[in-house]
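What follows is a short report on a single structure.
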Amino acid sequence: MTTKITKNIDTAAAALQSGKVVAIPTETVYGLAGVIYQQEAIRDIYSIKERPKANPLIVHTYSADTLPEIAHDIPEAAYKLADVFWPGPLTLLLRKKSNIPNNVTSGLDTVAVRVPSHPVTISLLRTLKQPLAAPSANPFGRISPTSARHVFDYFDGKIPYILDGGTCSVGIESTIVGFDEGVPVVYRHGAVTAAQVKDVTGNVTIKTASTNTPKAPGMYPRHYSPRTPLVVTDDIQKALAGFRGLSTVVIGYSRMCRDLIAEKKIVLPESGNFEEAAAKLYGTLHYADSINTDIIIAEKFPEKGLGSAINDRLIRASKK
Ligand code: TXA
Ligand code: MG
């Protein structure tokens, strides 16, 4: 099979309807999608990604109006968050309805749901009138894809189509929020910050992999990894000195990074709450990994705004 990159939504829809797996664009990262009721497609998503079966998939739907078909006993706070952040980079963990197939949720009684904001995928979902299960379109543990090209480089020959929606505007995965007695719990930092969740609901608990035993099954310590060893540091100058004699590429955002004399360096934009840095993060990691240095040195971000989500990805990318 040769993989075609297409902009034709009907072509992608027809392939999905016939039980095929198709890569789709979202505002966060590209997804490897299948219609939730197509058992073969769901099986293929796991095998193409080499993803452990115990790691459930996110269900993508075109509107919060479809929630009653997917979940029950939906907390008030979930509706409030959906109102503010959908369509957008927020995933809600809700009690699943029995019509959601067990292989989508790895047998859990909860289902992860989100309404993406990418116009191409919203039209695709409206055309299909069926939800799509989609994990990020990277082999298990590798860097997530933010362009059709990234997906092609991973899966050429393994899927019939990649629906091309350009470069992902947000560039970092959705925030995963569950509920404990109606109180929102952030299980994965993402494009919506914990502070933004709190602003809407009045309270928030954080139980990400680094702060607690993971509830979200996919919170593996090592993830998002380039082939090149990556180190994360508060002091890039010192780290660089420590790797003298090796070829390095430095990724950072700060004044120190801007001023640093290094053979290879990529400076991420610093403005605001790091939205621009997040949008460029995975593209930068893909590139840094492609230039074959001995080490990638990445500067740790401040733990504010999207800094927490960026640090989460960098730290997991650095785990051996
Ligand atoms: O931005 C995103 O969320 C992207 C785009 C494609 O939508 N998708 C994505 O999917 O990041 P994935 O599979 O790479 O990450 C989904 C995470 C996994 O860690 C998985 O374990 C967790 O969500 N998850 C899914 N269903 C769950 C459930 N019922 N309970 C707990 N965690 C769940
Ligand atoms: Mg992923």
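The values are calculated or read from the model by the stated rules, or taken from the named source; none is laboratory data. A quick note: this is a predicted structure, and the numbers were derived from the prediction, not measured. Note: ideal-geometry Cβ built from the backbone for every residue, glycine included; neighbour counts use all protein chains shown. The area values use the complete protein model at the heavy-atom level, side chains included, leaving out ligands, DNA and RNA. Shrake-Rupley method; radii C 1.70, N 1.55, O 1.52, S 1.80 Å.
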* To do: Please tell me the relative contact order of segment 82-188 in percent, rounded to the nearest whole number, where contacts are Cα pairs under 8 Å and at least six residues apart.
  => 28
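Let me check I've understood the local charge: for Val120, count other residues with C-beta under 15 angstrom from its C-beta, Lys and Arg +1, Asp and Glu -1. What total comes out?
On the way: positive: Lys7, Arg126; negative: Asp10, Glu27, Asp164.
It works out to a net charge of -1.
Divide by every residue of the chain the summed helix terms, -39500 (n - 2.57) for each DSSP H run of at least 4, and state the resulting mean residue ellipticity at 222 nm, rounded to the nearest 500 deg cm²/dmol.
Details: 11 runs with 100 residues, N = 320.
Mean residue ellipticity, 222 nm, calculated: -9000 deg cm²/dmol.
Taking the solvent-accessible surface of protein heavy atoms with a 1.4 Å probe, what is the per residue accessible area of the chain in Å²?
Details: 13590 Å² over 320 residues.
Averaged over the residues of the chain, the accessible area is 42 Å².
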* Asked: Tell me, what % of the accessible area of segment 230-318 is carbon and sulfur with a 1.4 angstrom probe?
  -> 49
* Structure fact -> Once Lys and Arg are counted +1 and Asp and Glu -1 for all other residues with Cβ under 12 Å from that of Thr248, the total becomes +1
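Exceeding 29 Å between C-alpha atoms, which entries from my cross-link table qualify? They are Lys49/Lys97; Lys53/Lys97; Lys53/Lys80. Walk me through the intermediate numbers first.
Details: Lys49/Lys97 26 Å; Lys53/Lys97 20 Å; Lys53/Lys80 32 Å.
Exceeds cut-off: Lys53/Lys80.
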* To do: Using Cα pairs closer than 8 Å and at least 6 residues apart in sequence, work out the relative contact order for the chain, in percent.
  => 20
* **DSSP-defined beta bridges in segment 4-206 - what % are antiparallel, rounded to 5** => 60
* Asked: What order, most packed first, do the peptides 221-229, 101-109, 241-249 have when packing is the mean number of other Cβ atoms within 10 Å of each residue?
  -> 221-229, 101-109, 241-249
* **Percent accessible area from carbon and sulfur atoms, segment 1-114, protein chains only, probe 1.4 Å** => 49
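Just add up the charged neighbours of Pro269: K/R +1, D/E -1, any other residue whose Cβ is under 10 Å from the Cβ of Pro269. Don't jump to the answer; show the numbers that get you there.
Values: positive: Lys280; negative: Glu270, Glu275, Glu276.
That works out to -2.
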* Leu260 versus Val183: modelled label distance in nm, points set 7 Å from Cα along the beta carbon direction -> 3.9
* Lys, Arg +1 and Asp, Glu -1 on Cβ, resulting dipole of segment 148-251 about Cα centre, debye, nearest 20 -> 340
* With a 1.4 Å probe and every protein chain left in place, tell me how much accessible area Thr110 has, in Å² to the nearest 10. => 30
* Asked: So what is the relative contact order of segment 230-318, in percent, for Cα pairs below 8 Å that sit 6 or more residues apart?
  -> 40
* Could you give P(r) for the chain, binned at 20 Å from zero, as whole percent values over all Cα-Cα pairs? -> 34, 57, 9
* Leading residue at positive end of dipole, the chain (Cβ point charges), from Val170, Ala194, Ser144 -> Ser144
